1. Of all residues in the range 350-375, which are outside any helix (DSSP H, G or I), in contact with a strand residue (DSSP E or B) (Cβ under 7 Å, 6 or more places away or on another chain) and not aliphatic (A, V, I, L, M)?
2. Taking the condition within 16 Å of the ligand (Cβ to nearest atom), crowded, with 19+ Cβ neighbours inside 10 Å and under 16 Å from residue 239 (Cβ atoms), does residue 179 pass?
3. Given the criteria touching a strand residue (DSSP E or B) at 6+ places or on another chain (Cβ under 6 Å), hydroxyl-bearing (Ser, Thr, Tyr) and under 30 Å from residue 72 (Cβ atoms), does residue 174 qualify?
4. In the range 332-391, which residues are over 24 Å from residue 318 (Cβ atoms), away from the ligand (no atom under 16 Å from the Cβ) and either surrounded by fewer than 17 Cβ atoms within 10 Å (Cβ to Cβ) or not small (Gly, Ala, Ser) (or both)?
5. Taking the condition within 25 Å of the chain's Cα centre (by Cα) and buried (at least 18 other Cβ atoms within 10 Å of the Cβ), does residue 100 pass?
6. Here are 239, 185: which of them is touching a residue at least 60 places away in the same chain (Cβ under 8 Å) and more than 30 Å from residue 459 (Cα to Cα)?
7. Does residue 282 meet the test of being closer than 30 Å to residue 125 by Cα and either of a type in the set (Phe, Trp, Tyr) or assigned by TED's automatic domain parsing to the domain that holds residue 136 (or both)?
8. Going by the conditions given, is residue 233 over 15 Å from residue 185 (Cα atoms), at pLDDT 95 or above and in contact with a strand residue (DSSP E or B) (Cβ under 8 Å, 6 or more places away or on another chain)?
Amino acid sequence: MYRCRVNCSSTCLKTRTTNNGVNPHYVFLEDLATYMLNKNFKISQKRGYTLQEIDLIITGAKVLLLDTENTCLENAAVAINSDEIVAVGHTEKITKQYNAKKTITANDSLIMPGFVNCHTHAAMTCFRGIADDLELMDWLNNYIFPAEAKNVNKELAYWGSFLGAVEMIKSGTTTFCDMYIFEDETAGAAKTAGMRCLVGEVLFDFPSPNFKTPTEGVAYTKMLAEKWKDDPLVDIIIEPHALYTCSEPLLIEVKKLAEDYHLPIGLHLLENAAEKKQLEEKFGKGAVSFLKDIGYLNERLTAFHCVYFSDEDIRMFADHGCKVVHNPASNMKLASGVAPVPEMIKAGITVGLGTDGCASNNNLDMIKETSTAAKLHKVSRLDPTVMDAQTVVRMATIEGAKVLGMGESIGSLEVGKKADIIVIGLNKPHLTPIYSEYSHLVYTMSGADVDTVIINGKVVMENRQLLTIDEEEAMHKVREIAVRVKKSLQK
Ligand SMILES: [Zn+2]
């Protein structure tokens, strides 16, 4: 089957029998995916006249692009040079065009973009399982905040984040957005692990282990913005904790900081019913209306949780281009409620997926999170059609990338994007047979099925072996910290 290469007309067949196959007006349709996806395509390369030297090729697998058409290619390959995807297409074509320093043969595998965890507190791996089965405010005020006040320091922030990075890489996450204390340590841990991240120091009115006053917290955030501004992997986000922990003057001050430094803002918002009631009493109006009045509703804003959103809140967020991060496992575990995510998506809000921290989930596995998201909305509405597998996989990849302002550089496998890629082996009993890759991702797999992870063009895990960091060291350090945490809670 033929198709006009330059789309001069949908029925352009006038030249298909002339010029011995070099006519620029047509290509074999089976080659079209390679042609469309490779901006550097040259006829001479197609004929094998030249082989371009590149760093890495992953060959022989099904490839889910997560592009706008949700393309799935069979027996395909991804070509990577430096930190960038240079071609995606059928294996035979790619190997004829490129000669790579390293080739990963991924037969019986699925290649796809790495997951984007849009909201977590990575260092809270140190508090995994410390207090479960409690209501949000009880859990926060009587367990988490006291445990943090007694134990969080630079060492905990670094090693907790480092263990978080290990867990995230081993379950296929390549980018995470973090909110915690001593975020310079989290940025450092992510950098050492080779992970992409967007990190923000949590800001509130009361002292934190890192700052005595909100002014010091803002100064620390400025330092982060300056220190990491040119880093290829680390970006900074301004993160006031929530409307119930931040005064209006603090919110206004950090908004100005975000504008001055051209940075996004992230905050917890309307996570449970008690918070909604408390904020309505405090402001004399809804929380989203309050945010609108203080100039927060714009494309810079990403809100986490958003469980108690009214139709009017959804409309305001959609009208102003604000983004939402859905954290279904945390919302279920803390019995917070069910965010109206189908309505948000329908209204045009960009929605990503996040695990939240390890004290409220209690893991960082984005594949599990997709499953939870799909099932939560089905059972809460008694409607299995309301949140399909493909939608949640997109939330965990390209939509999440858009939420973090990185939609142009990551989240899908397209030429010119950063090479953040995972490979999942499919030759396993629990993944046999395969009718739909999206179905297996959401309803069958777990993070442990991810074999190989590439971030920014660098292979950080191959066949489940971490190449950049020592997971034994990470676990050992966090176990030592946990001994101190336990002791502190007995006093
Ligand atoms: Zn959170």
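1. Taking the range 350-375 first, the residues outside any helix (DSSP H, G or I) are 350-365.
Next, from what is left, pick out any that are in contact with a strand residue (DSSP E or B) (Cβ under 7 Å, 6 or more places away or on another chain): 350-357, 364.
Passing the criteria: 350, 352, 354, 355, 356, 357.
2. Numbers: within 16 Å of the ligand (Cβ to nearest atom): yes; crowded, with 19+ Cβ neighbours inside 10 Å: yes; under 16 Å from residue 239 (Cβ atoms): yes.
When the stated conditions are applied, residue 179 passes them.
3. Details: touching a strand residue (DSSP E or B) at 6+ places or on another chain (Cβ under 6 Å): yes; hydroxyl-bearing (Ser, Thr, Tyr): yes; under 30 Å from residue 72 (Cβ atoms): yes.
Taking the combined requirement at face value, the residue satisfies it.
4. 365, 367, 368, 375, 379, 382, 384
5. Values: within 25 Å of the chain's Cα centre (by Cα): no; buried (at least 18 other Cβ atoms within 10 Å of the Cβ): yes.
The answer is no for residue 100.
6. Details: 185 fails: more than 30 Å from residue 459 (Cα to Cα).
Sole residue among the options that is touching a residue at least 60 places away in the same chain (Cβ under 8 Å) and more than 30 Å from residue 459 (Cα to Cα): 239.
7. Numbers: closer than 30 Å to residue 125 by Cα: no; either of a type in the set (Phe, Trp, Tyr) or assigned by TED's automatic domain parsing to the domain that holds residue 136 (or both): yes.
Against the criterion (closer than 30 Å to residue 125 by Cα and either of a type in the set (Phe, Trp, Tyr) or assigned by TED's automatic domain parsing to the domain that holds residue 136 (or both)), residue 282 does not qualify.
8. Details: over 15 Å from residue 185 (Cα atoms): no; at pLDDT 95 or above: yes; in contact with a strand residue (DSSP E or B) (Cβ under 8 Å, 6 or more places away or on another chain): yes.
No, not satisfied.
The values are calculated or read from the model by the stated rules, or taken from the named source; none is laboratory data. Everything numeric in this text was worked out from a predicted model, so none of it was measured. So basically every Cβ, Gly included, is an ideal-geometry build from the backbone, and we count neighbours across all protein chains shown.
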